[in-house]
Amino acid sequence: MHFSDKIYVAGHRGMVGSAIVRKLTAAGYTNIITRSSAELDLRSQEAVAEFFETEQPDYVFLAAAKVGGIVANNTWRADFLYDNLMIECNIIHQAYAANVKKLLFLGSSCIYPKMAPQPLKEEYLLSGHLEKTNEPYAIAKIAGIKLCEAYRDQHGCNFISAMPTNLYGFNDNYDLQSSHVLPALIRKFHEAKERNEAQVVIWGTGAPLREFMHADDLADACVFLMKNYNDRSTINVGVGEDISIIQLAEMIKKMVGFEGRIVLDATRPDGTPRKILDVSKLHALGWRHKISLQEGLQQVYEDYVSTQKQQFEESIHN
């Protein structure tokens, strides 16, 4: 990529997309194009075709997606499948039609089978049954991977796919009905502290193991891959370390300063027992994450508190 190349970041207002825009801007790229969902409905074939025909981007980061935690995925199953299929089909096809030089599609670690060996290697894709609670989302992401492979095979497009691990960062979603586990825990412990509550209830047994990566690290990896990776096969993006949900809860509890107790609700689903990516392929290329979980948690918690304070002050003035 040259600094003057036209780069389209789809999903620039989301946690990952906004991190990619920050990374590109800091690196000196000056021709970044974006559209909000109000300006461009990525589910509309006609609208996306018109956008690509008009803008003619050189590079595309496909970070736009309908995302959510275990409750959202299991509740709005049709929406997660339909919306994500439409978004990726429209963007990938129009990137081909507009002769885009290169496209990076962001998948998800949930594409791998529920009971696959750990750590998860790229070749485990389609080797077993998926986790039922997020199966529609996973199938949509698998379709995106296969679209990139098919357009490469049939048309010679340089479309690549990266599979990030569980993410957190600035602009995260803290809605308890649709958020992922890490931001949900931050909000739960913060509000429990503010209300001087005696306990915080955590879903499941606390035993599942998860890997967490800061979105700013993912953005750095995405730019690295856009410059250095051109293979047909997918590539995992993660930190190569995991932590149990109860350990994460204890870490957040201490960071927030909540003095009550943690209660585990084992009647709630755990999801996949363990999910950690094998990132040896990425490490072999020379890229490693930079932000530790402790450092990253402190960053996002401070941002969360600051955002809550700002919203409170705005509500008073309004």
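Rule-based calculations on the coordinates, nothing more; no lab input. Predicted model only: the values in this text are computed from it and were never measured. Note: ideal-geometry Cβ built from the backbone for every residue, glycine included; neighbour counts use all protein chains shown.
Structure values in brief
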| read-out | value |
| --- | --- |
| Tally of residues being among the charged types (D, E, K, R), under 16 Å from the mean Cα position of the chain (by Cα) and part of a helix (DSSP H, G or I) across the stretch 48-97 | 2 |
| Total residues in the stretch 106-164, condition among the acidic types (D, E) and assigned to a loop (DSSP other than H, G, I, E, B) | 1 |
| When residues of the stretch 263-290 are limited to those that are touching a strand residue (DSSP E or B) at 6+ places or on another chain (Cβ under 6 Å) and more than 30 Å from Y229 (Cα to Cα), the one surrounded by the most Cβ atoms within 10 Å (Cβ to Cβ) | L264 |
| Search result, residues across the stretch 1-40 that are hydrophobic (A, V, I, L, M, F, W, C) and assigned to a loop (DSSP other than H, G, I, E, B) | M1, F3, A38, L40 |
| Tabulated pairs, the stretch 29-40, first under 22 Å from H2 (Cα atoms), second acidic (D, E) and outside any loop (DSSP other than H, G, I, E, B), C-beta under 7 angstrom, 6+ apart or interchain | I33/E55 |
| Search result, residues across the stretch 170-201 that are without any contact (Cβ under 8 Å) to a residue 24 or more places away in the chain and part of a helix (DSSP H, G or I) | K188, E191, E194 |
| First in the stretch 48-75 and over 22 Å from R210 (Cα atoms) and touching a residue at least 60 places away in the same chain (Cβ under 8 Å), second anywhere and part of a helix (DSSP H, G or I) and of a type in the set (D, E), Cβ under 9 Å, 6 or more apart | L62/E88 |
